[in-house]
Amino acid sequence: MNALVAVLDFISQEILNVPAYLIGIVAAVGLIALRKSAGQVIGGGLKAAMGYLILGAGATVVTSALAPFGDLIFTVTGAHGVVPTNEVITAQAASEYGTTSAYLIVLSFLVMLLLARFTPLKYVFLTGHHMVFMSTLLAVVLSVGFGPGHSALVVVVGSVLMGIIMVVMPAFAQPYMNRVTGDDKLAVGHFNTVGYLLAGALGSAVGKRSRSTEDMKFPQGLRFLRDSMVSTTLLMLVLYLVFAIWGMIAVPREELMTVFEGTQTSDTYGSYIMAAFAQALQFGIGVSIILYGVRIILGELVPAFQGIANRVVPGAKPALDIPIVFPFGPNASLIGFIASFLGGLASLALIAVWFGPAWGMALILPGMVPHFFDGGGAGVFGNATGGRRGAILGGFVNGMLITFLPAALLTVMGSLGLANSTFGDADFGWFGSIVGVLSRLGAVGGSLTALGFGLLLFAVAWWYQVRLVNTGWLPASERAALQEENKAKAAAA
């Protein structure tokens, strides 16, 4: 009996309590279900576990680069600067919440499959890294709200909420996704759906006669920004140097030289500027390591999950990552990215001048990764319903969303609310903030109200699916009819 207890204790504490091992086990189980060979199962499980460990190593590099950046911003402006980067905040939270997050991923996927199998919301969310991010977010806000000693309750409530959000958001976006792709075969599985919905709705409102972005030629010189490694490093380089030069103007030399390690013994601005340059490059390197780790995890988890889902939920639509829409509007994705970044800068100015001093809102710096992917997706959705006007306005408003919502989210993240990073996509902001506020009612009251909110959201999505999506409703019908009329006239001429 003692031997059995020892074995169970070893499994729970040394294996299931380590997120990397649990992720590897899940991948291996999925590959077994797909009837892969023993070598593929072992290799896939090891690669998934190693990917999680690589993600943590990259977070260490990024954290070391973000710490002096936060010090620099505070020294120059007195503000608390936060860079929204999902991979970074997830890795920072992994040591305390990683095990809970891992259980949430597994159980919420099962909840999602049950909902997709037995309700009209037949969507299978397959964007693995956003599953990791959402599970971490819910683990954090529910743990903070419920207080210590409620890990099991966090897993149960979080799994239900996450399973619901994974079928609800693709349903809300489906009519706009159908307008983008021209058919009903794909869904979008990316937790910036509110940004895409708003972009599509704004496009419908302002772009009835606006021409498509794909009718224009985009400057070749900006296409290098499609490489997220380059764009992320470039943005951090610009931000670092802007604040570094600002510091040279506004801060005494002796105080300024203490910001970066290695410049304390130097009194030259040259070494100070190069230290800022090196930290920006270090940030880019760390993010690249993290993204590489995420890609390894996804390369093993997504095929396993997809195979299981296809067997359990026949006929369901796969909800895929947002880059799936970029080929339907390459110019729109770049226009949306730039517009989103400008929206982020405008919101940053509003926070610095107004919302920060008045309400104590944290200074949210534009993160290139969320602005590129979220803004690009918003541009495509806005263009599909409103042409160039929709792409520009949708991208700009998206940039404002992913600046203000992360600032609100910080208030419910406990000690992680003081970190130099946070979750960057709109759905993390609004969903996490609401769940975090409700969970503050305590373990009993918080769990009941949070689950009630999830069920309300599910009921609205059920109605939306049956009354709008299943009946074939498409947004911007007038614009589509006008385009067809113009094409007919052009052909006749």
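We did not get these values from a lab; they are worked out from the coordinates using the rules stated. Just so we're clear, the structure is a prediction, and the values are computed from it rather than from any experiment. All Cβ positions, even for glycine, are placed from backbone atoms using ideal geometry, and neighbour counts span all protein chains on display.
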Exercise. For region 365-412 and region 168-182, what is the separation of their Cα centres, given in Å?
Worked result: 17 Å
Exercise. Between Thr119 and Lys185, what FRET efficiency follows from the Cβ-Cβ distance if R0 is 25 Å, with the result rounded to 0.05?
Worked result: 0.80
Exercise. What spacing in nm lies between the two simple spin-label points modelled at Asp215 and Ala480, each 7 Å away from Cα in the Cβ direction?
Worked result: 1.8 nm
For this session: Please report the Cα spread of region 415-455 along all three principal axes, rounded to whole Å, starting with the longest.
Result: 32, 21, 8
Exercise. Roughly speaking, what is the stretch gain from Ser64 to Ile42, that is 0.36 nm per residue apart minus the C-alpha to C-alpha distance, in nm to one decimal?
Worked result: 4.5 nm
Exercise. What's the extension gain from Arg467 to Leu281 if we count 0.36 nm per residue and subtract their Cα-Cα distance?
Worked result: 61.9 nm
Problem set entry | Potential extension, Ser95-Val29 segment - 0.36 nm per residue separation minus Cα distance | 21.4 nm
Exercise. What's the FRET efficiency of Asp71 with Trp430 using the Cβ-Cβ distance as r and R₀ = 22 Å, to the nearest 0.05?
Worked result: 0.10
Exercise. Which value in nm describes the separation of the simple spin-label points at Leu441 and Leu455, placed 7 Å from the Cα toward the beta carbon?
Worked result: 1.2 nm
